[in-house]
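Encoded as structure tokens, here's the structure I'll be asking about.
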Amino acid sequence: MRIKRYFVYSFFVLFSLSFYSCDNGINIFSTADDASLGSQLNAQVEGDSKEYPIYHGNPAIKNYIVDRIFNHILASSQIQYKNVFSYKLEIIDNDNTLNAFCLPGGYIYVYTGLLKYLNSEAALAGVVAHEIAHAERRHSTKRMTAQYGVAILVNIILGNNPSELEQIAANLLVGIGFLANSRSDENEADQYSFNFLKDTRYYQGGVKFFFEKMRADGLISSQSNKIATFLSTHPDPISRIDETNKRLNGAGIPIKDYTATGEGIYTTEYMTNIRNRF
């Protein structure tokens, strides 16, 4: 099993026995482990053309997103692991999925369905900054530590429980379930998205524009197939609108919604350089 072999390599060669304390819990993984595990999972994602077909259409779309939005956010002084993680953005060719996700170590994937649905650079910047925040806050490996427990992971490292290793490996990339985030993780990623965008050209509340557009289009209440995966991995979109508005109020920033235009939104640029290029 390829995943098992990669996972064994990650644990036994690159895993540190030290405990790493995070702001909201223990993470037995080091940042180097995040980077290594992410690299291996990234190879699995890019090698699974059926589940995660990589977009090979107009290269100008990805180049624009990376140069104009992704790298601009990564230039924020608040990005702690930019020299540790191999930050990379890739597009998955699936118009029926409105979603984005992040692997450990900064490997970020955005679906074409989401890119064709959003209507401004600010909205996409909010989503991208949110996914970067998942990497920066190391949510995936913290969740693994919490799910399997420190004792079990240490036993695996010591070779005392090999059957548990096989089960963990088998569960790593079953669909997209491994990437599901808790409510607290999502709230924290929204907060950090807000913080990161402060250092950019984009409106700080952009992370909520996607939720607002889905609400206006009746997608959240209908739970259509297009957002089923999103809702399973990114809970509570409505309450997250309210939380973002509270952050905007607290910072003295005018509250705008997804229909806004003008400074910090970049609607025309988005339509010209992303949506109309598909």
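Sort out which residues of segment 256-278 are without any contact (Cβ under 8 Å) to a residue 24 or more places away in the chain, part of a helix (DSSP H, G or I) and under 17 Å from residue 197 (Cβ atoms), and write them in order of number.
Result: no residue meets the conditions.
Select, from 109, 64, the only residue that is of a type in the set (Ser, Thr, Tyr), within 22 Å of residue 204 (Cα to Cα), at pLDDT 95 or above and assigned to a helix (DSSP H, G or I). Steps first, please.
Values: 109 fails: assigned to a helix (DSSP H, G or I).
Step by step, each of 109, 64 is checked, and only 64 is of a type in the set (Ser, Thr, Tyr), within 22 Å of residue 204 (Cα to Cα), at pLDDT 95 or above and assigned to a helix (DSSP H, G or I).
Here's a check for you: in segment 81-139, which residue that is aromatic (Phe, Trp, Tyr) and touching a Gly at 6+ places or on another chain (Cβ under 8 Å) is farthest from residue 41 (Cα to Cα)?
Taking segment 81-139 first, the residues aromatic (Phe, Trp, Tyr) are 81, 85, 87, 101, 107, 109, 111, 117.
If we keep only those that are touching a Gly at 6+ places or on another chain (Cβ under 8 Å) too, we end up with 81, 85, 87, 107.
Details: 81: 19, 85: 14, 87: 14, 107: 9 Å.
Looking at the filtered set, the residue picked out is 81.
Still on this structure, I have one more. Could you check how many residues of segment 64-101 are among the basic types (Lys, Arg) and under 14 Å from the mean Cα position of the chain (by Cα)? Give the derivation first.
Residues of segment 64-101 among the basic types (Lys, Arg): 68, 82, 88.
Retained after the next criterion (residues that are under 14 Å from the mean Cα position of the chain (by Cα)): 88.
Count: 1.
Search segment 212-255 for residues being outside any helix (DSSP H, G or I) and modelled with pLDDT of 85 or more, and hand back the single one that is surrounded by the fewest Cβ atoms within 10 Å (Cβ to Cβ).
Checked segment 212-255; the qualifying residue surrounded by the fewest Cβ atoms within 10 Å (Cβ to Cβ) is 252.
Check residue 81 against each of (1) of a type in the set (Phe, Trp, Tyr); (2) free of Cβ contacts under 8 Å to residues at least 60 places away in the same chain; (3) in contact with a strand residue (DSSP E or B) (Cβ under 9 Å, 6 or more places away or on another chain) and name the one condition it does not meet.
Condition (3) is where residue 81 drops out.
Tell me, please, whether a residue that is at pLDDT 90 or above and not hydrophobic (A, V, I, L, M, F, W, C) can be found in segment 141-153.
No, there is no match, as no residue in segment 141-153 is at pLDDT 90 or above and not hydrophobic (A, V, I, L, M, F, W, C).
Each row is one residue, and each column tells you yes or no for (1) outside any helix (DSSP H, G or I); (2) surrounded by 24 or more Cβ atoms within 10 Å (Cβ to Cβ).
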{"residue": "83", "(1), (2)": "yes, no"}
{"residue": "91", "(1), (2)": "yes, no"}
{"residue": "94", "(1), (2)": "yes, no"}
{"residue": "124", "(1), (2)": "no, yes"}
{"residue": "135", "(1), (2)": "no, yes"}
{"residue": "145", "(1), (2)": "no, no"}
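The values are calculated or read from the model by the stated rules, or taken from the named source; none is laboratory data. Predicted model only: the values in this text are computed from it and were never measured. A quick note on method: Cβ atoms are made from the backbone with ideal geometry, for glycine too, and the neighbour counts reach across all protein chains shown.
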